[in-house]
Amino acid sequence: MVSRTVHRATASAAALLTLTAVPAHAATHESDTTRTSSAAALPAPDMTGLRAVLRTLTTQGAPGAIARIDDHGTVHTAAAGIDDRSTRRAIGNADRFRIGSVTKSFSAVVLLQLADAHKLDLDASVDRYLPGLLPDKRITVRHVLSHRSGLYDYTNSMFASSVSGFEAVRDKVFTYRQLVQLSLRHARTNAPGAAYSYSNTNFVVAGMLIEKLTGHSVGTEYRKRIIEPLKLRDTFYVHPATKIPGRYAHGYLTPDRTGAKLVDATDQTVSWAQSAGAVISTTRDLNTFFSALLGGRLTSAAQLAQMERWTPVNSTTRYGLGLRRRDLSCGVSVYGHTGAVQGFYTYSFTSKDGHRSLTALANTSNNGTVLNTMARTLESAFCGKRTKAIQSSPLTGRGSYVTERNVAYEDIAPGVARD
Ligand code: HEL
């Protein structure tokens, strides 16, 4: 266990700018006004609690776990366990890792910058930009970015069997069109705009929009618009290369069969996800990213407001445009994304003003207990010391987790069984 607290200068990069379909009704565009969310009003982070959560993760099947809080220029880090089961090297916050769907926030930022530049209309049909790609012209860019398009998530079928599904695509290189075709073999989940239904297909379409509108790869656009301006030294999009550059944590996929050996899933193309999930980063860089985003330094205030037009997912989660809102037990709302890619679970969230951010990583996946416990890192980081310990709760069913308040709080891609 390593833990430290250091002070640093404020980042200067700032000069920029389950298949459970949830009906999207009137509440779709609710605002944040009733939630406590400024970092200034937050209690001090509970580092003792955070360390305990990381240790718990290592008893639940994660070889290691790390977390970093950036709070008004003060950095707190914690780590438990190992980043490599062969060498048994300790895991640390300098380790790079695969961030999975936190990538979706990067893709959304690029598109909202294009909206800022009047190159994209969020309410235009996807068909205007990508003629003939989708079978329904009523699907808009906004539907795609808010998971309301109804496009089936092809990863449900791809990863129905976790290890063999993964090994079948580990080295594969897909085109975006191939991934969309995999989705279109299946019936759509809902009419455009009618319901929230999380689907990687949406952010494959987002990647295609980026490439069409800019004439560049998504990797180039992430670099130009986000990575370089924010000086994210540990953030990469290397698709279709299979290696994480530099120092990194190994990621271990938990097999579906109880007791089977963890599978080292570190090396893979992540081509099945690309703009929906293939970015590599660190806890520091993700905190910088979400602080900048919520701090208004990546988009105009008007486009950030678009990102924060919320579709309810369940009683504690909302989805905006490539952005999640989590409502914590202490009444604080936090903004960011979660990620699950073979071997890695990520939580990355910030306060409403971007002044306090937390990123946590466990280097395993396909382990519902671990994923569930990771939510407690948010409570430690943003709610401070609590009199009643937040309990981890059992996986209650396919794609559904409950908290001690007995409410489902995580929307899991359908067919992505964690047990
Ligand atoms: S799932 C999520 C998370 N998102 C979605 C996306 C991402 N990741 C995936 O779609 C990966 C699916 C396979 C993951 C794999 C494992 O756990 O390693 N599971 C299986 O193979 C199960 N059979 C909604 C959790 C998000 O938080 O947004 O990332």
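Assorted remarks:
- Among residues of the range 357-379 that are closer than 12 Å to ALA80 by Cβ and part of a strand (DSSP E or B), those with a Cβ under 6 angstrom from a residue that is β-branched (Val, Ile, Thr) and more than 10 Å from the ligand (Cβ to nearest atom), sequence gap 6+ or separate chain, pair up as ALA360/THR377; LEU361/ILE66.
- When the test is whether a residue is part of a helix (DSSP H, G or I), more than 16 Å from the ligand (Cβ to nearest atom) and not β-branched (Val, Ile, Thr), ALA187 does not pass it.
- Qualifying residue in the range 288-300 (condition: hydroxyl-bearing (Ser, Thr, Tyr), surrounded by 23 or more Cβ atoms within 10 Å (Cβ to Cβ) and within 16 Å of the ligand (Cβ to nearest atom)): no
Results for (1) more than 16 Å from the ligand (Cβ to nearest atom); (2) surrounded by 16 or more Cβ atoms within 10 Å (Cβ to Cβ); (3) not β-branched (Val, Ile, Thr), shown as yes or no for each residue.
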{"site": "THR74", "(1), (2), (3)": "yes, no, no"}
{"site": "ASP84", "(1), (2), (3)": "yes, yes, yes"}
{"site": "ILE91", "(1), (2), (3)": "yes, yes, no"}
{"site": "ALA94", "(1), (2), (3)": "yes, yes, yes"}
{"site": "ALA124", "(1), (2), (3)": "yes, no, yes"}
{"site": "THR140", "(1), (2), (3)": "yes, yes, no"}
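- Of all residues in the range 158-184 being within 15 Å of the ligand (Cβ to nearest atom) and of a type in the set (Ser, Thr, Tyr), the one that is surrounded by the most Cβ atoms within 10 Å (Cβ to Cβ): SER183
- Candidates THR254, THR317, THR220, THR242: the one that is within 14 Å of the ligand (Cβ to nearest atom) and over 16 Å from the mean Cα position of the chain (by Cα) is THR254.
- Pairs where the first residue, in the range 81-100, is under 12 Å from THR282 (Cα atoms) and the second is of a type in the set (Lys, Arg), C-beta under 8 Å, 6+ apart: ASN93/ARG68; ASN93/ARG284; ALA94/ARG247; ASP95/ARG247; ARG96/ARG247
- Residues of the range 54-83 classified as under 21 Å from THR258 (Cα atoms) and not in a strand (DSSP E or B), total: 8
- Only one of the listed residues (ALA52, ALA108, ALA79) is modelled with pLDDT of 95 or more and either on the phi > 0 side of the Ramachandran plot or touching a strand residue (DSSP E or B) at 6+ places or on another chain (Cβ under 7 Å) (or both). That residue is ALA79.
The values are calculated or read from the model by the stated rules, or taken from the named source; none is laboratory data. Predicted, not measured: the structure shown is a model, and the values here were computed from it. Counting neighbours? That spans all protein chains shown, and the Cβs are built from the backbone with ideal geometry, glycine included.
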